[in-house]
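Some notes on the structure that comes next.
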Amino acid sequence: MSFTLLIVIITLALLFDFINGFHDAANSIATVVSTKVLTPLQAVIWAAFFNFIAYLVFHLNIANTIAKTVNTGAISLQVILAGIIAAILWNLLTWYLGIPSSSSHTLVGGFAGAAIAHAGFSVVHADKIIKIASFIFIAPILGMFMSYVLSIMFLWMFRNMNPFKLEKFFKWGQLLSSAGFSLGHGGNDAQKVMGIISAALIVYFGGQHFDQIPQWAQITYNAKGGIQQIPLWVVLGCHAAIGLGTLSGGWRIVKTMGSKITKLTPFEGVAAEGAGAIMLFGTEAFGIPVSTTHTITGAIMGVGITKRITAVKWGVTINLLYAWILTIPVSMLLAALIYRIFTLLNFG
């Protein structure tokens, strides 16, 4: 039964990664579609390719953070399963409603909520949860500031350039900026699922000597106790799942991100995506699993402010903020409820 649970968890984790792809596809392609640089089909193929090859670029800093959100020695596979189911349900609901919520915070909230229901608050590493939750506010603010600065820099650098040539230049630039953001999206979000699968493997094979663990499930650690290497099939599977998810689209959220916050030009698209990519690369280096949704939303707001404050539709933005704040607590409660149902049914 335990091995069956492990397989179910891995399958659902990859499904969550797939859902993450089409849920967050808008983050990396909304601007490039709204400015008509690429068609929707071209954009998702472009983004999916860079989602997949991100495994060649990034270390496992994010995966390590997610795997150690809770004390894996004090939880069960049922805990991880409840967390993933809760995250999938919340992601599907927000996708259906067209709300660009955070898949990262959904996953963390679900994982932590089920763990607390199982073993109490002591099982959760509060410092990691607080750091992750704080970036609900920090990520969009930094994204907004960075895109504002980039916009001002670009306006000054190209102030004497022919407007027609400038637009053509930035249309080509959007290909690079969206590629960079898609690379960061794949590196951040695929690793979050790698962390969950790693946690499941650690729980299942816990207590066994390294030599007794089959090679397909072996995880190695560095001198500081951080995850150094996980099985290649986990890495490739997670990146393939998020890439396939991106290929399937996410048009409800593309509409919100690409037009409802502020109207974008190719110049503004480059500034927003460029700022978002810088943020994702930087936070990955420090092992901070930020939301690509929050980051790009803040960046889009930043380029809107360069025109005028009223260019940003603040009413839409405030509604998004409510969804972001609710994501972790709702996911925690939902996961705790699912775990309690498992307990009542004596599941697993």
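Remarks
- Between Val123, Val193, Val108, the distinction of being touching a residue at least 24 places away in the same chain (Cβ under 8 Å), aliphatic (A, V, I, L, M) and in contact with a strand residue (DSSP E or B) (Cβ under 7 Å, 6 or more places away or on another chain) belongs to Val123 only.
- Looking only at region 64-109, and only at residues there that are in contact with a Lys or Arg (Cβ under 8 Å, 6 or more places away or on another chain) and aromatic (Phe, Trp, Tyr), the one that is modelled with the highest pLDDT: Tyr96
- In region 152-165, the residues that are within 16 Å of Val270 (Cα to Cα) reach residues that are among the hydroxyl-bearing types (Ser, Thr, Tyr) with C-beta atoms within less than 7 angstrom, at least six apart or across chains, in these pairs: Ile152/Thr306.
- Here Thr306, Thr265, Thr310, Thr343 are screened, and the one residue that is more than 20 Å from the chain's Cα centre (by Cα), modelled with pLDDT of 90 or more and surrounded by fewer than 23 Cβ atoms within 10 Å (Cβ to Cβ) is Thr343.
- Cβ-Cβ contacts under 7 Å between residues 6 or more apart (or on different chains), taken from a first residue in region 321-338 that is in a helix (DSSP H, G or I) to a second residue that is among the hydroxyl-bearing types (Ser, Thr, Tyr) and buried (at least 21 other Cβ atoms within 10 Å of the Cβ), are listed as Ala323/Thr94; Ala323/Ser101; Trp324/Ser101; Trp324/Ser102; Thr327/Ser101; Thr327/Ser102; Thr327/Thr106; Ser331/Thr106.
- Within region 2-22, one or more residues are modelled with pLDDT under 80 and farther than 19 Å from Met279 by Cβ.
- Scanning region 162-209 for residues that are at negative phi and either of a type in the set (S, T, N, Q) or not in a helix (DSSP H, G or I) (or both) returns Asn162, Gln174, Ser177, Ser178, Ser182, Asn188, Gln191, Ser198, Phe205, Gly206, Gln208, His209.
- Evaluation of Gly225 against the conditions (1) within 15 Å of Ala63 (Cα to Cα); (2) small (Gly, Ala, Ser); (3) at pLDDT below 80 shows that the sole unmet condition is (3).
- Members of region 183-238 found to be acidic (Asp, Glu) and within 15 Å of Gly287 (Cβ to Cβ), listed by number: Asp189
- Candidates in region 126-137 are the residues that are without any contact (Cβ under 8 Å) to a residue 24 or more places away in the chain and of a type in the set (A, V, I, L, M, F, W, C); of these, the one that is nearest to Gly276 (Cα to Cα) is Phe137.
- Top-ranked residue in region 122-172 [being closer than 25 Å to Asn51 by Cα, of a type outside the set (D, E, K, R) and over 24 Å from the mean Cα position of the chain (by Cα); ranked as surrounded by the most Cβ atoms within 10 Å (Cβ to Cβ)]: Phe170
- Condition check for Ser2: touching a Ser or Thr at 6+ places or on another chain (Cβ under 6 Å) and among the small types (Gly, Ala, Ser): no
- Taken together, the residues in region 210-236 that are in a helix (DSSP H, G or I) and hydrophobic (A, V, I, L, M, F, W, C) amount to 8.
- Restricting attention to region 95-145, the residues that are assigned to a loop (DSSP other than H, G, I, E, B) and of a type in the set (Val, Ile, Thr) add up to 1.
The values are calculated or read from the model by the stated rules, or taken from the named source; none is laboratory data. Keep in mind the model is a prediction, meaning the values are calculated, not measured. Neighbour counts run over all protein chains shown; Cβ positions are idealised from the backbone, glycine included.
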